[in-house]
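Down below is the structure, laid out as structure tokens.
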Amino acid sequence: MGLANGLLSLSEEQMTSAGSAIIIERELRFYVPFEKLVSHVTLEALPTQLVEQHFFSKPAQSLLAVLVQHSTQNLTVPSGTRITQARIRRITSGETVACSLQLKGRLPSLAQEERIEFGVPIENELFHSLRDCADAGTVTKRRYFERGHVFAPDGNELAVRAEIDVALGSDGEPVRDLAGRQFVTVDVELDTAEHLMHLRAGRHTFGYLQHAVELTRIDKPLRKALSVQRLARKGLDKRATKVLDQLEEHLRSQSR
């Protein structure tokens, strides 16, 4: 099904403004070698979700942005927003399934770690229709949640939650690069730039982050090679494997 036909199938019942919002997403993303991660945390003991994401290419992103804005009454995207990602997402937690159409973008005033995000919940039927139109790849992740704290120098602490994502293949097994490594990222979303600074400074309870590389700070070409959108299109190919080699060598040099 083409994108135009998929959009023609929309109805008010399938796509509603309930639950829609524009937010500023402020988070740090880390790459953690799998063996280091599991030496600090037992994944099987953590709450988990299955996250399925399907991406749309650039020609469709602007169209979807207009669609989302006009489907809601109180959603106005700030002028100057550059849309960088359009996707549909389905999250399965036990017997609960939630689907949404989401867009992400950037504003000149935002820091590298900040993005604007907006979207709307959609019905499962519409998710399936749009999935046939998604032309920029698919990624599935097993997401684990670990609660922790970020500390300020004055002793105040902020409760935060780390999202540990393990990329999965079509067979439901962890994806591995050409060197046999599992690909695991950790995202921690922060309320303020100050909290972000404390997390970067190591004032937190997530022990495995001492073995991590912050992907939000590495050079852009390296960061893009390991982006979720590229993983959806290319998988853990030769380029991604080469970048992971570099990151792991960096971690080894730090530990010497």
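Laboratory data are not the source of any read-out in this text; all were calculated from the coordinates shown. Every value quoted in this text rests on a predicted model; they were computed, and no experiment measured them. Cβ sites come from the backbone with ideal geometry, for glycine too, and all protein chains shown count toward neighbours.
With a cut-off of 8 Å between alpha carbons and a minimum separation of six or more residues, what is the relative contact order of the stretch 3-255 in percent?
26
Please name which of Leu244, Thr140, Leu107 has its Cα lying farthest along the dipole of the chain towards the positive end, using unit charges on Cβ (Lys, Arg +1; Asp, Glu -1) and the Cα centre as origin.
Leu244
Relative contact order for the stretch 131-231: what percent, with Cα pairs under 8 Å and sequence separation of 6 or more?
With pairs under 8 Å counted, the relative contact order is 25 percent.
Extension gain Arg82-Phe145, at 0.36 nm per residue separation less the Cα-Cα distance, in nm? Before the final figure, lay out the partial values.
Numbers: separation 63, 0.36 × 63 = 22.68 nm, distance 3.01 nm.
Working it through step by step, the gained length comes to 19.7 nm.
What value in Å³ per residue do you get for the convex hull of the alpha-carbon atoms in the stretch 3-255? Before the final figure, lay out each step's value.
Working: hull volume 36.7 nm³, N = 253.
Convex hull of Cα atoms, per residue: 145 Å³.
Around Thr84, which amide H atoms from residues at least 5 apart in sequence, or from another chain, sit under 5 Å from its own amide H, with H modelled in the peptide plane?
Lys104, Gly105, Arg106
Need one number: nm distance between label points at Phe34 and Asp135, each 7 Å from Cα along Cα→Cβ, rounded to one decimal.
3.4
Can you pull the one-decimal nm distance between simple spin-label points at Ser170 and Lys58, each 7 Å off the Cα toward Cβ?
Once both label points are built, they end up 2.8 nm from each other.
How big is the charge dipole of the stretch 3-255 about its Cα centre, in debye rounded to the nearest 20, if each Lys and Arg gets +1 on its Cβ and each Asp and Glu gets -1 on its Cβ?
940
If you rank Val166, Val120, Val66 by fewest surrounding Cβ atoms within 10 Å, what's the result? Intermediate values should be presented prior to the final figure.
On the way: Val166 19, Val120 22, Val66 11.
Ranked by crowding around the Cβ, least crowded first: Val66, Val166, Val120.
Read phi for every residue in the stretch 151-166 and hand back ³J(HN,Hα) as whole Hz from Karplus 6.51 cos²θ - 1.76 cosθ + 1.60, θ = phi - 60°, with x for Gly and Pro.
Each residue's phi maps through the Karplus curve to give 10, 9, x, 7, x, 5, 10, 10, 6, 9, 10, 8, 9, 9, 10, 10 Hz.
As a test of the formula, what do you get for the chain when each DSSP H run with n ≥ 4 contributes -39,500 (n - 2.57) and the sum is divided by the residue count, at 222 nm and rounded to the nearest 500 deg cm²/dmol?
Theoretical 222 nm ellipticity from helices: -8000 deg cm²/dmol.
Quick check: pseudo-label points 7 Å beyond the Cα along Cα→Cβ at Ala201 and Lys234, how many nm apart are they?
The answer from the label model is 3.7 nm.
Under a Cβ-only charge scheme (Lys and Arg +1, Asp and Glu -1), can you give me the dipole magnitude of the stretch 156-219 about the Cα centre, in debye to the nearest 20?
260
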